[in-house]
Every structure is written in structure tokens, then in C-alpha cells.
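See below for the structure under consideration.
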Amino acid sequence: MSLDDLEKRFPQFPEPYWRASTTFKDFPKCTSDEKTDVCIVGAGITGITCGYLLQNDGFKVTIIDAGKILNGTTGHTTAKITAQHNLFYDELIGNFGEEKAKLYYQANADALNFIKDLVLRENIDCDLRKQDAYVYTNSDDYVEKLKNEMKAYEKLGINGELVDNTPLPFSVKAAVVMKDQAQFHPLKYLSYLVDDFVSKGGKIYENTTAIDIEDDNETYVLTREKHKIYCSNIVVASHFPFKDTLGFYFARLHAYRSYVLAVKTEKDIPDGMYINAEEPARSIRFADYKGTRLALIGGENHQTGQGICTMKHYEALEQFAKDTFGVNEILYRWSAQDLTSLDRMPYIGKITEKHDRVFVATGYRKWGMTTSTFAAHLINDIITGRENPYVELFSPSRFNVDPSLKTLITTNADVAKHLISGKLEFVIKTPEELENGEGSVVRVNGKRAGAYKDDNGELHIVDTTCTHLGCETEWNSGESTWDCPCHGSRYSIDGDVIEGPTKKPLKKITLD
Ligand SMILES: Cc1cc2nc3c(=O)[nH]c(=O)nc-3n(C[C@H](O)[C@H](O)[C@H](O)COP(=O)(O)OP(=O)(O)OC[C@H]3O[C@@H](n4cnc5c(N)ncnc54)[C@H](O)[C@@H]3O)c2cc1C
């Protein structure tokens with residue numbers, strides 16, 4: 001696969017369609033100490049929705065983001081708004097019982113209704129469309145699982161159906177449909193929330209990284225520039241909770257990456273939102289685009305920093321798009337990661353039992369449009385002292401021995417494997433051997449390092465040891481980043497932090 005060939009077929013740089021079709025004004029950096037009622041760390045859908053609700057409830061709210069607002073996972077989503085989180089309800093009934101499974105469904109259905117009602121009431125121009133959501137399979141092994149999922153829908157009173165064909169232009173062995181779900185343009189929707197928040201006095205600071213939380217005599221968020229944001233409550237909406245010692249989330253979450261192509265297709269893209277049940281994952285929906293439809297083809301899940309050359313994932317999606325709808329042009333490509341908790345239930349609520357004023361919302365398992373929305377309501381209700389039926393189910397302090405213990409062991413064993421394997425790997429390639437536009441793990445002064453040669457032939461060399469907990473990062477050729485296989489931290493070619501949990505850049509290396 002030559003670089004020339006790839007550049008012809010794929011947009012050279014990853015950019016999500018959502019970001020390319022929305023403009024946001026710039027917000028300042030925080031340059032002094034501040035006082036507010038609630039400080040929210042992270043301006044993704046969780047932080048913005050939470051800020052919107054709290055500000056409307058009369059609180060003074062400040063949101064800070066390490067980079068630009070809505071440029072984390074939320075800017076790189078596929079934005080299906082649904083309570084159908086692939087095959088989940090049969091598993092939920094098995095692990096948590098019928099009552100809790102019903103609560104999980106209800107929380108997501110409430111969130112979907114909140115978004116729909118708000119969009120209609122405020123006339124928000126965000127391409128919101130009612131859609132049925134499908135999980136389909138073409139594997140005999142999964143047909144039984146789909147039948148069990150349908151039985152779970154019936155037990156829980158979910159409006160759905162088991163079918164053996166769909167509006168897709170290829171046959172399926174079976175599909176479970178959840179009726180009356182929705183899709184939208186997430187950033188157009190969130191632009192409304194941002195504008196409303198700011199117009200009511202809410203403050204947003206960009207390029208402001210939180211590095212610590214104090215919650216003893218005083219409560220404040222400390223920024224990298226050593227400014228303190230004093231407040232009564234803190235919401236950690238940073239995707240990966242940024243303070244390692246509060247709740248040890250690094251041992252309780254793992255990051256999975258997936259890829260998306262936005263394609264002009266030969267065949268028409270039908271209504272409906274689709275995902276298959278088996279691997280490799282394939283997700284399909286359309287997005288409104290200049291009076292026509294773009295197909296958003298997603299999938300190719302893998303643990304961050306692990307797996308094959310990342311451009312291969314885009315190629316696999318391109319092949320799927322060709323085989324199913326035909327490809328006229330690939331307009332955008334992007335990838336992102338989301339986090340999964342040990343028992344696959346999100347962590348929403350007090351960050352630890354001991355911290356009554358610090359809240360967290362994470363572990364959405366790639367279903368964060370509804371999950372973030374009810375998370376924002378849940379946290380808002382706790383802060384305002386309102387009753388909320390979902391507090392216990394999503395409490396981060398829960399500990400369900402089965403199945404979380406099994407996952408805990410495998411997750412930590414996997415982290416240990418990557419901690420060790422990167423260190424033992426014998427690397428012979430040197431930076432000089434790289435072609436322009438190529439990045440790779442290399443050997444510098446007898447040690448493992450990471451090098452990228454840019455289009456002008458200039459080398460960018462970093463120490464590949466992740467500054468979070470010391471695993472070795474790997475080259476991600478699709479995004480031109482250094483990704484950590486242990487907890488999903490990501491760095492630019494010069495080692496700057498793109499995504500946490502790490503807060504410190506990689507060390508730069510200069511050649512003698
Ligand atoms: C490829 C893909 C497709 C998906 N498709 C769907 C879908 O169809 N439907 C669905 O429901 N969900 C989907 N999801 C999941 C959904 O997009 C996410 O769950 C959701 O966007 C997470 O939002 P967030 O606000 O929690 O995190 P983010 O959007 O990542 O926001 C976190 C913010 O915190 C900031 N931050 C981090 N650390 C700090 C710090 N120390 N200080 C200050 N700021 C900090 C970051 O810069 C970032 O802006 C998908 C996810 C992926 C990866």
C-alpha cells in the first residue's frame with residue numbers, strides 16, 4: 001500500500017464531518033483564579049449538557065477544556081441517539097436482573113425524549129430525524145442471541161421486533177429492531193446548548209487543562225498554569241477521569257477505538273440506523289449533506305494502541321462500503337475511542353463514596369448520546385438535591401463481582417502484558433530509514449523511541465514511554481499519533497497530549 005495510493009483514495013487528514021460543518025467561536029484561556037458554583041472539567045456532550053442544565057437551574061457554572069470545546073470523542077461520534085446499545089438487554093437481565101435492566105432502558109429512553117423535546121421546543125436546526133435502530137447479523141452463531149435479545153425486549157416492554165430482512169441493500173440472517181429512535185448532527189445540537197449556556201452567564205475556558213482536584217477544607221480545580229477554580233461542586237466530564245488517585249479509574253476502564261468513513265455512495269442509503277452483532281463491527285447511518293445523503297460507515301473496533309496498521313481499518317471499511325452501497329467518493333474519515341467499564345455499566349455519580357462534591361460520568365461504551373444526557377440530569381439532580389431513580393444503578397462505587405471481576409483480571413493482565421512487552425521488544429529501524437510522511441518505533445542511542453519524518457524530511461522524535469503509567473506507546477498511522485495500549489492516552493508527533501488520562505507530554509529526543 002503506497003502513501004500516494006492512500007492519499008488518492010482517502011482524505012489526507014482525518015476530520016469528522018461534524019466538525020467540518022460547524023463553526024464555534026473561540027473561548028479564552030483561564031488566566032487567573034476564579035470562583036464559581038460548579039466547575040465542569042471537559043466540554044464534550046457530558047460537560048456541555050451538564051452545564052446547560054445547571055446554569056438553567058440557577059447555578060453559576062464554569063466549564064474548562066484542555067483543548068477546543070467539542071473536539072473530543074463527541075466531535076468524532078456517529079451520533080445515533082438510541083437506547084439500543086447493540087445486544088445488551090438479555091445480558092443486562094442476566095447480570096443485573098429485570099428491574100435494573102428496565103431502569104437502564106428507561107434512563108436511555110428518557111434521555112432520547114429529552115433531546116427530541118428540546119429540539120422541537122426550541123426549533124434547533126440539527127438534522128434530527130426519527131429512525132428505527134437495527135442490530136443485524138449474518139452469522140448463524142448470533143441468530144440465537146438476537147432471539148434472546150428480542151425475548152428481553154418483550155420482558156422489558158421495549159417496542160421492538162425480530163425481522164429477517166431490513167431496508168439495507170444486502171440480506172441479513174436476522175435483525176432486532178428498536179422502534180422510534182433518532183439520529184442528529186451532534187454539534188449543531190450542542191451549539192444551541194453552548195449558546196444558551198453562555199447567554200445565561202456560563203463561562204467557558206479553552207486550552208485550560210485541569211491537573212488536580214482539592215476537596216478537603218476548600219474545593220477547587222487546579223489548572224496546569226496553577227490557577228485555582230474555587231467552587232462548591234466539581235464535575236469530572238473529561239472522558240477519562242484525569243485524577244488517577246480519585247477512584248482508580250485507570251484500572252476500571254479500558255479504551256476502544258473505532259473508525260468512520262463519510263461516503264458518497266452509488267446506491268441510495270435507506271432510512272434506519274444499523275449495527276451488526278458480530279465482529280468485525282459495522283455501523284451504518286446516513287447524514288444529511290447539502291440536500292443529499294452521506295453514508296457514515298463505521299466499525300473496526302479494537303483496543304487503543306493495539307492491532308494492525310490503522311490505515312488498514314479505513315481500508316476494511318472502504319471495502320465494506322464498496323461491497324454494499326458502492327463508493328463514489330470518500331469525503332471524510334475519522335476515528336475516536338470510547339471507554340468501557342468493568343461491568344459494561346457506565347460510572348455516573350460521586351467519584352468515590354468519600355467525595356460528596358466531586359462527580360464523574362464516563363464508561364459509555366460508544367453509546368454516549370443518550371448516556372451523557374441522562375448522566376447530566378443525574379448529576380444535576382444530586383447537586384440540586386432532587387430525587388433521581390437512577391442513582392444506585394450507575395453509582396461508580398458499586399462493585400458487581402460477576403462479571404466485573406473476570407473483566408478486571410483480564411483487563412489488568414492485558415495492561416501488564418503491554419507494560420512489559422513494549423519494553424522487551426527489540427527494535428532495529430533507525431529514524432534515518434523513514435520515508436517522508438512515515439512514522440515508526442525506532443532505535444535511538446540503543447533505546448526504543450518514536451520517530452515521524454514530516455513532508456519536509458524533518459524528524460520529530462519522542463521517548464515512547466507513556467507519561468501516565470509507563471507503558472510503551474505505539475504508532476497510529478491513520479491519525480499520525482502515538483497511542484498507549486494500556487489506558488488509551490494519545491500524543492501528537494511532537495509528544496503533546498491529545499487525549500488523557502495522561503496530562504504530561506512525551507519527552508522529546510534530539511539526535512546528537
Ligand atoms: C467512533 C465512535 C462512534 C460513536 N458513535 C456513537 C453513536 O452513534 N451513538 C452514541 O450514543 N454514542 C456514540 N459514541 C460514543 C459517544 O460519542 C461518546 O460516548 C461521547 O461523545 C463521550 O462524550 P464525553 O463528553 O464524555 O467525552 P468527550 O467528548 O471526549 O469530552 C471530554 C472533554 O474533556 C476534555 N478533557 C480531557 N482531559 C481534560 C483535563 N485534564 N482538563 C480539561 N479538559 C479535559 C477533552 O479535551 C474533551 O473535550 C461513539 C464513539 C466513538 C468513538
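Judged by the mean number of other Cβ atoms found within 10 Å, the most tightly packed of the peptides 448-457, 42-51 leads the ranking 42-51, 448-457.
Fully extending the segment from Phe13 to Ser139, taken as 0.36 nm per residue of separation minus the present Cα-Cα distance, adds 41.9 nm.
I'm a student and want to see the number: the projected area of the Cα convex hull of region 131-261, averaged over all directions, in nm².
Directional mean of the projected Cα hull area for region 131-261 stands at 13.5 nm².
Each of the peptides 319-326, 334-341 was scored by the mean count of other Cβ atoms within 10 Å over its residues; in descending order, highest first, they stand as 334-341, 319-326.
Pairs from the list Lys173/Lys312; Lys130/Lys188; Lys116/Lys264; Lys203/Lys228; Lys130/Lys155 with a Cα-Cα gap above 22 Å: Lys173/Lys312; Lys116/Lys264; Lys130/Lys155.
Ignoring everything except DSSP H segments at least 4 long, calculate the 222 nm mean residue ellipticity for the chain; use -39,500 (n - 2.57) per segment, divide by total residues, nearest 500.
Working: 11 runs with 147 residues, N = 512.
Calculated from helices alone, the mean residue ellipticity at 222 nm is -9000 deg cm²/dmol.
How do Ile211, Ile509, Ile63, Ile234 line up, fewest other C-beta atoms within 10 Å first?
Details: Ile211 15, Ile509 21, Ile63 31, Ile234 25.
Ranked by crowding around the Cβ, least crowded first: Ile211, Ile509, Ile234, Ile63.
Computed from the C-beta positions of Thr384 and Asn328 and an R0 of 60 Å, the FRET efficiency is 0.75 to the nearest 0.05. Per the Kirkwood formula applied to alpha carbons, the chain shows a radius of gyration over Rh ratio, Rg over Rh, of 0.95.
Take the Cβ atoms of Asp26 and Asp494, set R0 to 25 Å, and the FRET efficiency comes out at 0.65. For a footprinting-style exposure proxy, rank Ile64, Ile124 by other Cβ within 10 Å, fewest first. If I rank by nearby Cβ atoms, fewest first, I get Ile124, Ile64. Mind scanning Lys80/Lys102; Lys68/Lys226; Lys25/Lys267; Lys102/Lys145 and naming the pairs with a C-alpha gap bigger than 30 Å? Those over the limit are Lys25/Lys267.
Take each uninterrupted DSSP H stretch in the chain, measure its Cα extent along the helix axis, and return the ones at 30 Å or beyond whose mean Kyte-Doolittle hydropathy is at least 0.0. Answer set is 401-424. Modelled spin-label separation between Asp288 and His355, with each label point placed 7 Å from Cα along the Cα-to-Cβ direction: 4.0 nm. For the chain, Cys30, Cys50, Cys126, Cys309 have no disulfide-compatible partner, since no other Cys C-beta lies under 4.7 Å from theirs. Going from the residue with the fewest nearby Cβ atoms within 10 Å to the one with the most, Arg333, Arg386 rank Arg386, Arg333. In this calculation the C-beta distance from Asp110 to Glu438 is compared with R0 = 35 Å, giving a FRET efficiency of 0.10.
Counted residue by residue at 0.36 nm each, then reduced by the alpha carbon distance between them, the extension gain from Asp195 to Glu279 reaches 26.2 nm. In angstrom, the C-alpha Rg and Dmax of region 42-109 are 16.0, 42. Full extension of the chain between Thr430 and Tyr230 yields a length gain of 67.1 nm, computed as 0.36 nm times the residue separation minus the alpha carbon distance. When you count the other C-beta atoms within 10 angstrom of each residue and take the mean per peptide, 16-23, 364-371 line up highest first as 364-371, 16-23.
Around the Cα centre of region 186-238, unit charges on the Cβ atoms of Lys, Arg, Asp and Glu (plus for the first two, minus for the last two) sum to a dipole of about 260 debye.
All of the numbers you see were taken from the coordinates with simple rules; none came from a lab. Here the structure is a predicted model, which means the values were calculated and not measured. Every residue, glycine as well, gets a Cβ built from its backbone with ideal geometry; the counts of neighbours run over all protein chains shown.
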